[in-house]
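*Asks:* Can you keep this structure in mind? I'll have questions shortly.
The values are calculated or read from the model by the stated rules, or taken from the named source; none is laboratory data. Nothing here was measured: the structure is a model prediction, and the numbers come from that model. All Cβ positions, glycine included, derive from the backbone under ideal geometry; neighbour counts span all protein chains shown.
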Amino acid sequence: MTRRNQAVFSLVFAVLAALLATSCSRSIAVTVIVPKPTAFGAAIVESSGGKQSAQTGSLLPQPVVVQVNDEQGTAVAGALVEFSAAPGVVFDPANALTDSSGQVTTNVSLGGMAGRYQLVASTTDKSHKKIELKIEEIALGYQQALGRHLNDQYCERCHNLESTVERVSNYDNLEVKPHPFTEGDTLNKISDADLTAIISHGGPALGKSALMPAWGNTLSKSDIQALISYIRAISDPPSRSAGPVYAKN
């Protein structure tokens, strides 16, 4: 290649590099289409989907469903509902008109930080005043997600009173009812050390029911720590170690 050709090649390369850098530096404008409401409500309420948990950055197991009602509590079809939250939370869809039952359903992926995420569903009334509903969801870190797996494997059958297709609850068969792990009013008063003793050595270790078996020969110390971390994460009301709350700025 001659010096002249080399110079031309270098010039073309420099121009292409500059164009590429310019195009990459430009922000891409995304047009969000918001449907026009055909009706307005007076209240927005949660139908289902609140207080779920999923690993950070993951889709919640169930969609979030909200409903718009009028002053008499009757469902309103055609009302606009918009969803918002802290950065990192993704809604699908982020807005929609209520259906014939006055409801909007959205799938929610949580952010990448462990803690509690406050979701906001909003609509407007006839005077264009914004009406908001706040819903809380829980993002589990690695240790907490491991604790949830251990809960599903060893604890859920007795500590969750609701039966599912995959798991039949043993709760109603027990004379002394176990505390659900979401029961923060009780479990938040028990220290991590006492929870460790109960899980490791069974209920009698702290004067509790003998129906609580000892798991110390099944679960490792790190397993028990992960299980306790999960219990703290999902407690209601939240424990002191439940993690930060992420809300819309």
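*Asks:* Being out of contact with any Cys (no Cβ under 6 Å at 6 or more places or on another chain), surrounded by 19 or more Cβ atoms within 10 Å (Cβ to Cβ), assigned to a helix (DSSP H, G or I) and not assigned by TED's automatic domain parsing to the domain that holds Val104 narrows it down to one of Leu195, Leu227, so name that one.
*Replies:* Details: Leu195 fails: surrounded by 19 or more Cβ atoms within 10 Å (Cβ to Cβ).
So the residue among Leu195, Leu227 that is out of contact with any Cys (no Cβ under 6 Å at 6 or more places or on another chain), surrounded by 19 or more Cβ atoms within 10 Å (Cβ to Cβ), assigned to a helix (DSSP H, G or I) and not assigned by TED's automatic domain parsing to the domain that holds Val104 is Leu227.
*Asks:* Could you count how many residues in the stretch 198-207 are in contact with a helix residue (DSSP H, G or I) (Cβ under 6 Å, 6 or more places away or on another chain) and surrounded by fewer than 17 Cβ atoms within 10 Å (Cβ to Cβ)?
*Replies:* Let us first name the residues in the stretch 198-207 that are in contact with a helix residue (DSSP H, G or I) (Cβ under 6 Å, 6 or more places away or on another chain), namely 198-199, 205-206.
Adding the requirement that they be surrounded by fewer than 17 Cβ atoms within 10 Å (Cβ to Cβ) leaves 205-206.
Residues in the stretch 198-207 being in contact with a helix residue (DSSP H, G or I) (Cβ under 6 Å, 6 or more places away or on another chain) and surrounded by fewer than 17 Cβ atoms within 10 Å (Cβ to Cβ): 2 in total.
*Asks:* Any idea how many residues of the stretch 126-154 are touching a strand residue (DSSP E or B) at 6+ places or on another chain (Cβ under 6 Å), in contact (Cβ under 8 Å) with a residue 40 or more places away in the chain and within 30 Å of Lys36 (Cα to Cα)?
*Replies:* 6
*Asks:* Being within 30 Å of Ala121 (Cβ to Cβ) and not in a helix (DSSP H, G or I) is the requirement here; does Ala242 meet it? Working first, answer last.
*Replies:* Details: within 30 Å of Ala121 (Cβ to Cβ): yes; not in a helix (DSSP H, G or I): yes.
So Ala242 fits the description; yes.
*Asks:* Moving on. Pick from the stretch 155-173 the residues that are in contact with a Ser or Thr (Cβ under 7 Å, 6 or more places away or on another chain) and touching a residue at least 12 places away in the same chain (Cβ under 8 Å): which of them is surrounded by the most Cβ atoms within 10 Å (Cβ to Cβ)?
*Replies:* Residue satisfying both the conditions and the ranking: Asn160.
*Asks:* Would you check if Asp236 is farther than 29 Å from Lys134 by Cβ and either exposed (fewer than 14 other Cβ atoms within 10 Å of the Cβ) or acidic (Asp, Glu) (or both)? Give the derivation first.
*Replies:* On the way: farther than 29 Å from Lys134 by Cβ: no; either exposed (fewer than 14 other Cβ atoms within 10 Å of the Cβ) or acidic (Asp, Glu) (or both): yes.
Answer is no for this residue.
*Asks:* With the stretch 88-170 as the region, which strands (runs of 3 or more DSSP E) entirely inside it contain at least 1 residues that are within 13 Å of Ser53 (Cα to Cα)?
*Replies:* Numbers: elements: 90-92, 95-97, 103-109, 115-124, 130-140.
Fully inside the stretch 88-170 and qualifying: 103-109, 115-124, 130-140.
*Asks:* Specify the residue that is nearest to Leu133 (Cα to Cα); the eligible residues are those in the stretch 215-231 that are within 31 Å of the chain's Cα centre (by Cα) and free of Cβ contacts under 8 Å to residues at least 60 places away in the same chain. Walk me through it before giving the result.
*Replies:* The initial filter retains those residues of the stretch 215-231 that are within 31 Å of the chain's Cα centre (by Cα), namely 215-216, 218-231.
Pick out the ones that are also free of Cβ contacts under 8 Å to residues at least 60 places away in the same chain and you get 216, 220-222, 224.
Values: Gly216: 43, Ser220: 42, Lys221: 41, Ser222: 38, Ile224: 36 Å.
Only one residue tops the list, namely Ile224.
*Asks:* Does at least one position in the stretch 87-98 carry a residue that is buried (at least 18 other Cβ atoms within 10 Å of the Cβ), more than 22 Å from the chain's Cα centre (by Cα) and among the polar types (S, T, N, Q)?
*Replies:* Yes, that holds for at least one residue.
*Asks:* Step by step: first the residues of the stretch 174-192, then only those that are more than 29 Å from the chain's Cα centre (by Cα) and among the hydrophobic types (A, V, I, L, M, F, W, C), then the one that is surrounded by the fewest Cβ atoms within 10 Å (Cβ to Cβ). Which residue is that? Spell out the reasoning first.
*Replies:* First, pick out the residues of the stretch 174-192 that are more than 29 Å from the chain's Cα centre (by Cα): 174-176.
Add one more test, that the residue is among the hydrophobic types (A, V, I, L, M, F, W, C), and what stays is 174, 176.
On the way: Leu174: 14, Val176: 10.
Here the answer is Val176.
*Asks:* What do you reckon, is Val104 closer than 19 Å to Ala42 by Cβ and not hydroxyl-bearing (Ser, Thr, Tyr)? Walk me through it before giving the result.
*Replies:* Values: closer than 19 Å to Ala42 by Cβ: yes; not hydroxyl-bearing (Ser, Thr, Tyr): yes.
Taking the combined requirement at face value, the residue satisfies it.
*Asks:* Another question about this same structure. When you go through Lys134, Lys221 one by one, which is the residue that is more than 30 Å from Ser84 (Cβ to Cβ), modelled with pLDDT of 95 or more and not polar (S, T, N, Q)?
*Replies:* Values: Lys134 fails: more than 30 Å from Ser84 (Cβ to Cβ).
Going through Lys134, Lys221 in turn, the sole match is Lys221.
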